[in-house]
Amino acid sequence: MLRVQVLSISVALLFLGACGSTAKSDHFDILIVNGLVYDGSVTPARTIDIGIVGDRIDSMDASADASADLLIDASGLIVVPGFIDPHTHAEDDLFEVPGNTNLNYLTQGVTTVFIGNDGRSIPGGPQNLELMKSQGIGTNVGFYAGHGTIREAVMGLENRAPTDDELDRMREMVRDEMRAGALGLSTGLFYTPGSFSDTAEVIELAKVAAAFGGVYDSHMRDESSYNIGILGSVRELIEIGEKADVPVHAAHLKALGRDVWGQSGDIIALVDAARERGVEVTADQYPWRASGTRFAAALIPAWVRADSTESMFGRLDNPDLHDQIREQMESNLWRRGGAESLLVTGESEWRGMTLADIAEKMNTNPVDAAIEVVRGGNPGIASFNMSPPDINAIAIQDWVMTGSDGSTGHPRKYATFPKAYRDFVTDSSLMSMEQFVHRSSALAADSFSLCDRGYLLDGRKADVAIIDLEKYRPVADFDNPTRLSTGVAHLIVNGVPAIRDGKPTGELPGEVIDRQNLECNQ
Ligand SMILES: [Zn+2]
């Protein structure tokens, strides 16, 4: 709670500074006129003109007579804070040319992505941030210290608790990443090796993030009924928040699988009760019935996957374990909706086929077919395992934000934000446009203490999306998961146009966010 007070005082000081020191400019680098402006709060949109100087919003009430180097006429368009995506896997792209443009996010109106989620630190560690800076990036990037990466570096893939010495070394590695500007600690407790850690270990490491004012972000231990269940996982998340005194965030919140359909109400009740007790709990969500994972993680029990890929195959080949493993895989398959509901999306000869198709082709049962596919490279899959009432119930919570969990092969990487807009605002009226904009920008800035972004306000960084709502739509689907979304007319990142008149400019104005050194936090 103290953290929040300190933050709001510093934000207030920032406004005083901005109002006290700047006379109203009559010349801007960029002037956006005639647009309907949603500022990120849930107050009603209004038609005002916005002046940008350098990388900052200089005026939210610019005179239309002012001059500008670049005048953008936003008549008939909406003007919103650039969207913030708190859960991506963009680290797969951002270190290479041309992936570093992050075009699939720019074209959704996203100006900031987080990476290092699910417990996987950015490749090469914090020193690799320099590569992103020197090569340039299209969007801003915030990053997490990944628990799984750190644990593996210290203890390999061992299924046991750390020694005191190992825990100390992990603490030190979290500290290093926090000093380098990490947003906090991310975990993937469903995945190996995160699944080998108990709650106490995670609390100890989350305390390190908390000491730096960071957050805890988790792909929870169980989104379904694999072990402690989705409700047990939400309780664990909240316990970590309480005991480590850290804001906690549930990644891609969902009720996965037919065992737990209908539990969204219980999830929401747990979170609401915790928030009433003062625990800061938030979540993100993508608007698809299908999650994205790999065959092994979806179907093969964690104990079988332990230690290494070779040991997994050793267990799969062990005649003494044959029946036990296949029985558990059968129930995992049932839980996920059967062989028809798993679709291969990753690079593989089976791409585009369901597990049912593959089993038929191999002339075997789905479990043995899945094992064969895992042997052949364990491709990514889409797993159709969510129910629309749960998706909608979670979507409308005021602590839930838009997040893509973008991964290769799933259209969510290219189309999450426009699909959420279509599903929740135009097709269903589940939320107002103001609420959609808020959950896609300001809510993330508030939750992760990005005090200089997320709102269109004097003094904030000039991350601005100017969108033609008629054309703003998802185009990617499971057959064509890499089609760019349409409708973003102009996109400004740190005061530089990354999209103009619907076309990428090729500029790379993104910054690596150094969470420790935000000016507005000083
Ligand atoms: Zn995840």
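At a probe radius of 1.4 angstrom, the accessible area of region 360-508 per residue rounds to 35 square angstrom. Taking the 1.4 Å solvent-accessible surface of region 100-215 as the whole, the part contributed by carbon and sulfur is 50%.
With respect to the chain, whose longest principal axis is taken over its alpha-carbon atoms, helix 322-335 is tilted by about 40°. The residue list Gly188, Ala210, Val174 was ranked by how far each Cα lies along the charge dipole of region 162-226 toward its positive end, using unit charges on Cβ atoms, and Ala210 comes out on top. Residue ranking by accessible heavy-atom surface, 1.4 Å probe, largest first, among Ser449, Ser195 comes out as Ser195, Ser449.
Taken one residue at a time, the phi angles of region 54-67 give Karplus couplings (6.51, -1.76, 1.60, θ = phi - 60°) of x, 9, 10, 6, 9, 8, 9, 8, 6, 6, 5, 7, 4, 9 Hz. Gly and Pro are set to x. Per the Debye calculation on the chain with a single equal scatterer at every Cα and no solvent contribution, log₁₀ I(q)/I(0) for q = 0.09 Å⁻¹ amounts to -0.62. Magnitude of the charge dipole for region 195-285, about its Cα centre and with charges confined to Cβ atoms of Lys, Arg (+1) and Asp, Glu (-1), is about 120 debye. When all protein chains stay in place and ligands, DNA and RNA are ignored, the 1.4 Å accessible-area order of Lys207, Lys413, Lys361, Lys419, largest first, is Lys361, Lys207, Lys419, Lys413. Of the heavy-atom accessible surface of region 386-487 (probe 1.4 angstrom), what whole percent is carbon and sulfur? The nonpolar share, carbon plus sulfur, comes to 47 percent.
The length gained on full extension between Glu360 and Ser67, counted as 0.36 nm times the residue separation minus their Cα-Cα distance, comes to 98.7 nm. Taking the Cα centre of region 244-349 as reference, the dipole from Cβ charges on Lys and Arg (+1) and Asp and Glu (-1) amounts to some 280 debye. Computed extension gain for Glu372 through Leu484, at 0.36 nm per residue and net of the alpha carbon distance, reaches 37.0 nm.
Once the Cα-Cα distance is subtracted from the 0.36 nm per residue extended length, the His27 to Gln516 segment shows a gain of 172.8 nm.
In the assembled protein chains, Asp317 presents an accessible area of approximately 90 Å² (probe radius 1.4 Å). Averaged over its residues, region 108-237 has an accessible area of 30 Å² per residue, based on protein heavy atoms and a 1.4 Å probe. P(r) for region 165-207: what percent of alpha-carbon pairs falls in each 5 Å bin, starting at zero? Computed distribution, short to long bins: 6, 21, 29, 27, 14, 2. About its Cα centre, the dipole of the chain is roughly 460 debye, where the only charges are +1 on Lys and Arg Cβ and -1 on Asp and Glu Cβ. Please list, or write none, the aspartates and glutamates whose alpha carbon is within less than 15 Å of the alpha carbon of Lys471, excluding same-chain residues fewer than 8 places away. The reachable aspartates and glutamates, counting only those whose Cα sits under 15 Å from Lys471, are Asp423, Asp427, Asp501. Of all DSSP-defined beta bridges confined to the chain, some 50% are antiparallel rather than parallel. A 1.4 Å probe over all protein chains sorts Ser440, Ser429 by accessible area into Ser429, Ser440, starting with the largest.
The values are calculated or read from the model by the stated rules, or taken from the named source; none is laboratory data. All values reported here derive from a predicted model rather than from experimental measurement. When we count neighbours, we look across all protein chains shown, and the Cβ atoms used for this are built from the backbone with ideal geometry, even at glycine. SASA here: full protein model, heavy atoms, side chains in, ligands and nucleic acids out. Shrake-Rupley method; radii C 1.70, N 1.55, O 1.52, S 1.80 Å.
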